[in-house]
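Here the structure is laid out as structure tokens; the discussion comes afterwards.
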Ligand SMILES: [Zn+2]
């Protein structure tokens with residue numbers, strides 16, 4: 001059943017609040033509402049990936065990371081909030097002779113507890129999707145254009161992956177498994193985790209899908225799979241095939257803010273047709289984005 005845009009954005013917001021932070025949730029939803037398909041794909045893709053594929057699923061919830069940090073009595077409330085919002089919790093069982101370490105719930109990067117911060121997390125694990133999404137959303141209000149090449153590449157990957165996931169979640173096996181009385185959100189969440197952690201593979205048989213729920217559900221706090229309706233988030237996305245690399249590349253001059261010199265620099269990018277369309281859609285929906293980041297008013 002298709003959900004209305006307000007219902008969908010409300011759901012997106014509450015899920016991001018529970019796992020990222022209220023600030024990230026507000027900014028991401030603002031961007032989602034005003035942007036074209038590409039950013040919607042990016043936001044939905046990052047949310048589904050970071051939640052379902054986490055290496056330490058028991059700390060997916062922001063509140064669990066925060067209470068873990070406070071229990072250690074090593075941090076003030078403000079420090080615990082900041083670390084938890086950076087995706088970190090405290091490894092409470094260090095090996096003998098070892099210092100406590102902060103761990104990312106998504107990528108499991110480990111950081112000495114004294115030097116814990118988002119920048120330490122970023123340095124230890126630059127590819128972490130939690131950090132990348134955090135940085136992307138945070139930069140929406142700054143003068144730093146965030147439509148970077150890595151985001152463009154991620155959008156291309158998400159289009160392919162989410163298209164397959166959407167198809168797999170509507171398979172006959174899934175339809176049969178749903179008749180066994182599981183909450184649909186739980187079944188799709190567990191299936192998405194298997195998909196994300198097994199190179200996009202999903203079991204065909206209903207019995208195997210039910211087995212997935214039994215093995216995956218206990219890894220998460222019980223509320224987590226129910227906070228995100230993956231099928232509802234995927235439903236409005238077109239995820240069109242046939243706009244990929246095969247259509248050739250376009251050379252485009254893009255102005256980018258250079259952090260070192262503090263000025264705008266022109267760079268030539270080699271973009272696929274899909275990437276070019278993505279940029280064009282941003283410029284159309286937000287004319288000021290030609291010199292400022294998408295999403296900035
Ligand atoms: Zn991480």
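Summary of computed values
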quantity	calculated
Potential lengthening between residue 4 and residue 149 on full extension [0.36 nm per residue; Cα-Cα distance subtracted]	49.0 nm
Burial ordering of 122, 201, fewest other beta-carbon atoms within 10 Å first	201, 122
77, 155 arranged by Cβ crowding within 10 Å, fewest neighbours leading	77, 155
Histogram of C-alpha separations across the stretch 54-126, 10 Å bin width, %	23, 59, 18
Order of 55, 151 - criterion: other Cβ atoms within 10 Å of each residue's Cβ, fewest first	55, 151
Theoretical FRET efficiency, 1/(1+(r/R0)^6), r = Cβ-Cβ of residue 172 and residue 221, R0 25 Å, to 0.05	0.20
Full-extension gain in nm, residue 235 to residue 108, via 0.36 nm per residue minus C-alpha separation	42.7 nm
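Each value in this text was obtained by applying a stated rule to the coordinates, not by laboratory testing. In this text, all values refer to a predicted model and were calculated from it rather than measured experimentally. Please note: Cβ atoms are built from the backbone with ideal geometry, for glycine as well, and neighbour counts cover all protein chains shown.
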